[in-house]
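The values are calculated or read from the model by the stated rules, or taken from the named source; none is laboratory data. Since the structure is predicted, the reported quantities are computational estimates derived from the model, not experimental observations. Because the Cβ atoms are built from the backbone with ideal geometry, glycine has one as well, and the counts that use them run over all protein chains shown. To get the accessible areas, we keep the full protein, side chains included, count just its heavy atoms, and leave off ligands, DNA and RNA. Shrake-Rupley method; radii C 1.70, N 1.55, O 1.52, S 1.80 Å.
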There are 2 protein chains.
Amino acid sequence: MPSTELPQQMSARRIDRPVPLRERVYQAMQELIISRQLAPGQHLVESELAEMLGVSRQPIREALQLLNSEGWVDLRPGYGAFVHAPTEAEVDQLLVVRAALEAESARLAALNTDAEGVARLRKLCAQGEAAVASDDIDGMVAANAELHRCVTELSGNQVLLDMVSQVDRRVRWYYTPIARHRGHQSWQEHARLIDAIEAGDADAASRTMREHTERTRQSYLEQRRENPEPEVAPVQVRSRRRRTAPGV
Amino acid sequence: MPSTELPQQMSARRIDRPVPLRERVYQAMQELIISRQLAPGQHLVESELAEMLGVSRQPIREALQLLNSEGWVDLRPGYGAFVHAPTEAEVDQLLVVRAALEAESARLAALNTDAEGVARLRKLCAQGEAAVASDDIDGMVAANAELHRCVTELSGNQVLLDMVSQVDRRVRWYYTPIARHRGHQSWQEHARLIDAIEAGDADAASRTMREHTERTRQSYLEQRRENPEPEVAPVQVRSRRRRTAPGV
DNA sequence: ACCTCGACTTCTGCATACAGAATACTGTAT
DNA sequence: ATACAGTATTCTGTATGCAGAAGTCGAGGT
């Protein structure tokens, strides 16, 4: 029974409001997908998920709706849900969109420039360079994500932030190989980007960000070409198929 | 491998598959919101909607999830759903994002330029100009929407198309006054945009689109300043409050 | 051996039911 | 009159049940 009392220690929420189950299911499933425990293409059976997560089908369904609207799973109306399997073309398109949105973020951030924000950026940049120096891939990825997010926050455009975050989650899978591929250069570009933002030079900031994300995209394409399908578990069969009980 | 892969059976896509109830509810509610029959800020009670539309609460809930993820309603976890009431700042931000995405669309469309697509654009442009000539506001809005959509389609980027469509639906409310405000000039700009796309001049196309959407945004801001709240029904009370049932 | 037809299984879609949470109301005290 | 507390009520969140549709498997015909 899911009536398990959990110590409501999440602070991001309003005072003591229980996080809806659907949201926890959403989070859990997103992580299962990112970690490949739910493989791309896999058929998701509601009752199995319900059992696996210890809840009823209802919150599962609602979470699936959400995951669908963000491109994590595909819903075939009469049939079921499938973990979305992004093609190379699709990831490429996502990176193009991301490039456009982030270039706009940088432009607006430069127009909104503010000393405190620039300081945050510098700090993150330093963290990233440190990660490069110690060859810490995960650290690079993390600092990179935070830095980009910070730029978008500094744009002051909440809609933009939501959108970039959404796109970003969908391509997060692909950052690790990219970071491995061009870690050092990437952080030089970040430094120049911050210079432009600090100077309030909107065009330069936009252009620098665009070139930066464009190189990231190129890097992805090269990586993928060298390593076409990065350990994609091949559709890991849905469920043990109970043979029809032979009556005899 | 003696490929016994099912040949035609693969397209077993029933043409008359029954549209899921949740989707019809989604459509219906979106139209109710656009037509202001459900007013911004209004509290949506699931059971009332269910009764109004003649279905159970389940498809209502699923539709609400969808409407929430697209910004049509706000979901307050413990409490309920409310028709989203966009602020001026939010609409402005949406228009900024739209400008960035559409500029990218135009850029890509110019790179992908193709005679057949340009012909479609020209035709839509002619329709729009005809609508301007006959002072047909709705015609202008429709032709405008189709033209912009067409440009994004020509970009060849499906992700971009999805994203632009989503943003576009959220600002559709505001197109009519804008069209009324600057109908004629708008179509001159469209013509120049198409020229740039036809010429394959990506920078010009991008710049033209950006200036165009930027003027649209300015037009919105002016309009809104003249007419701060375009007939927003003020939160039309939720439900007749049944006095405590007087028993027998 | 291949294809077709038919029944079975399983799953989704939808409806209903129940418990807890949040709100709004009412009465009382200051 | 205002503020506060207690109570009542409504609504959401979640679980469960049921019917129909989609897919699958197997048998029989060609």
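Listed values, structure above:
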quantity: Normalised contact order of the stretch A:88-226, rounded percent, pairs of Cα under 8 Å and 6 or more residues apart; calculated: 43 percent
quantity: Counting all C-alpha pairs of the stretch A:73-114, share separated by more than 12 Å (%); calculated: 71 percent
quantity: Relative contact order, percent, the stretch B:19-83 [alpha-carbon distance under 8 Å, six or more residues apart]; calculated: 40 percent
quantity: Most fluctuating residue given options B:Ser47, B:Ser219, B:Ser206, as computed from a GNM of chain B linking Cα atoms under 10 Å; calculated: B:Ser47
quantity: Shortest-first distances to equivalent copies, position A:Ala115, nm, label 7 Å out along Cβ; calculated: 6.2
quantity: Rg ratio (alpha-carbon, reference 2.2 N^0.38 Å) - chain B; calculated: 1.24
quantity: Gaussian network model of chain B, springs between alpha carbon atoms under 10 Å - residue of B:Val83, B:Val151, B:Val97 with greatest fluctuation; calculated: B:Val97
quantity: Most to least accessible of A:Arg210, A:Arg215 (protein chains only, probe 1.4 Å); calculated: A:Arg215, A:Arg210
quantity: Heavy atoms of A:Ile197: accessible area, 1.4 Å probe, square angstrom to 10; calculated: 0 Å²
quantity: Label spacing, shortest first and in nm, from A:Glu51 to its equivalents in the remaining copies (7 angstrom along Cα→Cβ); calculated: 4.0
quantity: Sites B:Asp135 and B:Arg36 - FRET efficiency at Förster radius 25 Å, r taken between beta-carbons, to 0.05; calculated: 0.55
quantity: Taking N as its residue count, the alpha carbon Rg of the stretch B:88-226 over 2.2 N^0.38 Å; calculated: 0.96
quantity: Histogram of C-alpha separations across the stretch B:113-154, 5 Å bin width, %; calculated: 6, 28, 30, 20, 11, 5, 1
quantity: For the stretch A:61-120 versus the stretch B:75-146, the gap between their alpha-carbon centres in whole angstrom; calculated: 20 Å
quantity: Residue of B:Arg182, B:Arg170, B:Arg98 that the Gaussian network model of chain B assigns the largest fluctuation, springs spanning Cα pairs under 10 Å; calculated: B:Arg182
quantity: Shape box of the stretch A:21-83 [Cα atoms, principal axes, largest first, Å]; calculated: 28, 23, 19
quantity: Copy-to-copy label separations for A:Asn227, where each label sits 7 Å from Cα toward Cβ, in nm and ascending; calculated: 5.7
quantity: Probe 1.4 Å, all protein chains present, accessible-area order of A:His43, B:His184, largest first; calculated: B:His184, A:His43
